[in-house]
Amino acid sequence: MDFSWVYQFMALLWKNFILKRRRLVALFVEFTLTLLFAGTLLLTRKILTIKKYGPFNYSLQPIDKLPAFLGMPMTFPGPWELAFVPSKSVVVKSIVDHVKRDLHYNFTVQGFSSEQDFEEYVKQENNSKKVLVAIVFDHEFQNSDDPLPLKVKYYLRFSSFQRNKYMGFVRTEGWETGVLFPTFPSLGPRSERSSHGGSPGYITEGFLAMQHAVDIAIMKYYNHKATQKLFREVTVFVQRFPYPAYSHDYFYTFFGIFIPLVILFIFSMNHLTLIQAIVWEKENRLKVTFLFLW
């Protein structure tokens, strides 16, 4: 069995030992840095305490009213617009009128024959600012008086930009419908101080209110009297699930930021010493002599 690699490894260790012995100052600095940063981590562990938060209980949120920002001064003339597709259907037009009436807001109702027409409309200057939402029914109506199918499918197309600027969060990534969990999960609940759920703003942007109004209008289309009687006696609210108390250790947050710097500074002196030794060997051709003698 060939044990030549063992002798080579022992020779390399002896060489490094000789280099370290010749540079006692650098060796002392390496030990000092290691002890210094290790002590810093231990001291930080002692200073940073583990804090407990919660439990959290959230209040009821009504979804039968539009958010208050719709009544604020606007940067465009006229009220907000409520778009719908398709415009040729009498049933869809009736449902949208019910939505406007139930929400108690003077929307300007704008119909479009197709989604492509709606998209071309909002691409024009300032039109996208005026349209609050587009209600798109996913059904092929052959004639204007065709009834609504029993299986109703519709979309609510809100702007990807945040409209309500009066909340305590800023939405920069649209509605984020393509992800189930945040990119950087938190230890506690998301938007823990917010009863309305925070970003992306399903309540504060009016999404749930609009969805609730459309659902009621569809129910009224099928049975107007029963729906009116039902919602005279029932009020729908949404509420976040409560969240139990949890412990937040800030040391791990500090550790995740500080430990890469610690490793960098601990080994930086060793790297600098190694580079200096290699350059010195190349200048004096010691490595060639060493291999020749070996």
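Each reported figure results from applying straightforward, stated rules to the coordinates on display, with no laboratory input. Predicted model only: the values in this text are computed from it and were never measured. Cβ placement follows ideal geometry from the backbone for every residue including glycine, while neighbour counts extend to all protein chains displayed.
Which trypsin sites (Lys or Arg not before Pro) does the stretch 123-166 hold that lie in a coil by DSSP with at most 10 other beta carbons within 10 Å? Walk me through the numbers before you get to the answer.
Working: sites: Lys123, Lys129, Lys130, Lys151, Lys153, Arg157, Arg163, Lys165; in loops: Lys151, Lys153, Arg163, Lys165.
Here the trypsin sites (Lys or Arg not before Pro) that fit, given the DSSP loop and packing criteria, are Lys151, Lys153, Lys165.
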Taking the structure as given and computing volume of the Cα convex hull per residue in Å³, which label from (1) 166; (2) 321; (3) 138 fits? (2)
Please report the antiparallel percentage of DSSP beta bridges with both residues in the stretch 61-244, rounded to the nearest 5. 45
Is the shape of the stretch 43-162 rounded, prolate or oblate, going by the alpha carbon gyration tensor and its root eigenvalues a ≥ b ≥ c, with a/c under 1.5 for rounded and a/b larger than b/c for prolate? prolate
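At a 10 angstrom cut-off on C-beta neighbours, averaged per residue, how do the peptides 202-215, 184-197 rank from highest to lowest? Don't skip to the answer; put the middle values down first.
Values: 202-215: 20.9, 184-197: 14.0.
Descending packing order for the listed peptides: 202-215, 184-197.
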Going by Cα centres, the stretch 128-165 and the stretch 94-121 are how many Å apart? 8
Simple Cβ-charge dipole of the chain, Lys/Arg +1 and Asp/Glu -1, about Cα centre, in debye nearest 20: 1360
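Rank by packing, highest mean first: peptides 233-245, 108-120, with packing defined as the count of other Cβ atoms within 10 Å averaged across residues.
On the way: 233-245: 11.2, 108-120: 15.0.
Ranking the peptides 233-245, 108-120 by packing returns 108-120, 233-245.
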For Val133, other-chain or 5+-apart residues with amide H closer than 5 Å (H placed, Pro excluded) are Ala83
